[in-house]
Amino acid sequence: YYDVLIVGAGHAGAQAAITLRQLGFEGSVGMIGDEKDPPYERPPLSKEYFAGDKSFERILIRPAAFWAERNVDLLLGKRVKSVDPSGKFVTVGDTEIGYDKLIWCTGGAPRMLTCNGADAGNVHAVRRRADVDAMMAKLDSISHVTIVGGGYIGLEAAAVLTKFGKQVVLLEALDRVLARVAGEELSRFYEAEHRAHGVDLRTNAKMDCIEVQDGKAIAVLMADGDRIATDMVIVGIGIVPETGPLIAAGAVGGNGVDVDEYCRTSLPDIYAVGDCAAHANRFAGGATMRLESVQNANDQAKTAVAHIMGKEAPYDAVPWFWSNQYDLKLQTVGLSTGFDQTVLRGDPASRSFSVVYLKGGKVIALDCVNAVKDYVQGRAHVLSGATLDGAQLADASVPLKEVGL
Ligand code: FAD
């Protein structure tokens, strides 16, 4: 039994435990995670850790000893298979673990391909340390890698692999990369960068299946008959939120488990936080959505813990995100979904520029490439929902903080 039981030892789970102790919570805290490691940062898995620039110790969210020092019981390598909201316990194997409050922080499982060959041994996802360790162990002996999916994870993996001198083919089914999260200017810029670094980046690329020999993928076969010989396939096509046990217990949800502004699910004393939590986000005009970002995991964890400790502070944090590819540091603030106008600040050819997204004349988001000042100064405009003049915004010689004054 724990006063607060956290399920999922990733970003959100770790932050929930940290915040409980920071705020002086004196009850017992347990954290169950199905990976074998204590909480670690996931973003480096497609960046510095994959590139070999950071060791695993350096991506731990807290040093391994921290958890015992703060009296947080880590129950690792264990998977919660069911939740009983009336008896107030979860089941791990044959063991029942009781709780007073439950915080569900399980993230998502990588969406995998469903075509023939998708289960071959050298078809990899990029979600967990174990995924990346398995790929790293093979890198020396391979030269051709096919990446399926032109989202941030696929693009970041492509950047690391070209640095290692691998021949990379990147397949995106839609007509541009990053289509789900960014406007066309950003997509085209990154497509050009990857091609300039030698990536064979193909949009409108429809896969048929994977050709397998001796249990290993040896080629990706395309719908148009093309055959791409490969030594490894990396799949980065999104996640499926890990909400099965909660939904089975009766929680309301669809794409994720639904939560209110305090991160409460529809089940009593059960909160959900992070990638698995569908919430109404003010920065998306109040639309219900899941956000897959460290910011959201951390801020929602703080919201849930505050509520558990009797403080009602609705979740209202401005979304932000980053991505590192080659020497390009992208920082985003706000949510661009639903924009009706974009303004380009600076010249993409200079490799330092921003895209400002507007909706009904109001600034809703910025994507800033090697443009830290725009990122820092643009935040206030997103927060205030400022109505700003496009021509003024486009003038990169005027600092963003002075636009609209
Ligand atoms: P997770 O961190 O995934 O933690 C969930 C944990 O719960 C996992 O360990 C999972 O195995 C475990 N679990 C699941 N089900 C159960 C169960 N039934 N019982 C026990 N344990 C369970 N975000 C950014 O903001 N910037 C970035 O640059 C960025 N890059 C990324 C790169 C990669 C390769 C990946 C995979 C993600 C990246 N993200 C990035 C997203 C970010 O990592 C996630 O939004 C964040 O990890 C969400 O935290 P979470 O706690 O909700 O889920």
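Every number here is computed from the coordinates shown, using simple stated rules; none is lab data. If you're wondering where the values come from, they're calculated on a predicted model, not measured in any experiment. Positions of Cβ are backbone-derived with ideal geometry, glycine not excepted, and every protein chain shown enters the neighbour counts.
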Measuring from its Cα centre, the chain shows a charge dipole (+1 at each Lys and Arg Cβ, -1 at each Asp and Glu Cβ) which, in debye to the nearest 20, is 400 debye
Hey, fewest Cβ within 10 Å first, where do PHE66, PHE339 land in order? PHE66, PHE339
Antiparallel versus total DSSP beta bridges in the chain: what percent is that, nearest 5? 60 percent
At q = 0.18, 0.31, 0.32 Å⁻¹, the log10 of I(q)/I(0) for segment 358-400 from a Debye sum over equal Cα scatterers comes to -0.46, -1.29, -1.32
Placing +1 at every Lys and Arg Cβ and -1 at every Asp and Glu Cβ, with all other atoms neutral, what dipole size does segment 26-140 have around its Cα centre, in debye to the nearest 20? 280 debye
Roughly speaking, what is the centre-to-centre gap between segment 34-50 and segment 67-133 when only Cα atoms are used, to the nearest Å? 14 Å
The exposure ranking of SER187, SER82, fewest beta-carbon neighbours within 10 Å first, is SER82, SER187
Cβ density ranking, 10 Å radius, fewest first, applied to TYR357, TYR1 yields TYR1, TYR357
Please report, in whole Å³, the volume per residue of the convex hull around the C-alpha atoms of segment 322-405. 83 Å³
Quick one: grab the alpha carbon gyration tensor of segment 1-112, order the square roots of its eigenvalues as a ≥ b ≥ c, and give me rounded if a/c is under 1.5, else prolate or oblate depending on whether a/b is larger than b/c. oblate
Roughly how many debye, to the nearest 20, is the charge dipole of segment 112-202 about its Cα centre, given +1 on each Lys and Arg Cβ, -1 on each Asp and Glu Cβ, and no other charges? 160 debye
Rounded if a/c under 1.5, otherwise prolate or oblate - segment 109-215, Cα gyration tensor axes: prolate
What area, in nm² and to one decimal, does the C-alpha convex hull of segment 252-405 cast on average over all directions? 10.0 nm²
Going by a ≥ b ≥ c, the root eigenvalues of the Cα gyration tensor, does segment 45-91 fall in the rounded group (a/c under 1.5), the prolate group (a/b larger than b/c) or the oblate group? oblate
Three principal axis lengths of segment 286-358 [C-alpha, angstrom, descending]: 51, 29, 16
Sparse-neighbour loop sites [GluC sites (Glu not before Pro); segment 1-51; at most 14 other C-beta within 10 Å; DSSP]: GLU26
Between the alpha carbon centres of segment 181-203 and segment 325-357 the gap in Å comes to 13 Å
Dimensionless Rg over Rh [the chain; C-alpha; Kirkwood]: 0.98
The long-range amide H neighbours of LEU170, using H built 1.01 Å from N in the peptide plane and a cut-off of under 5 Å, are ILE147, ASP200, LEU201, ARG202
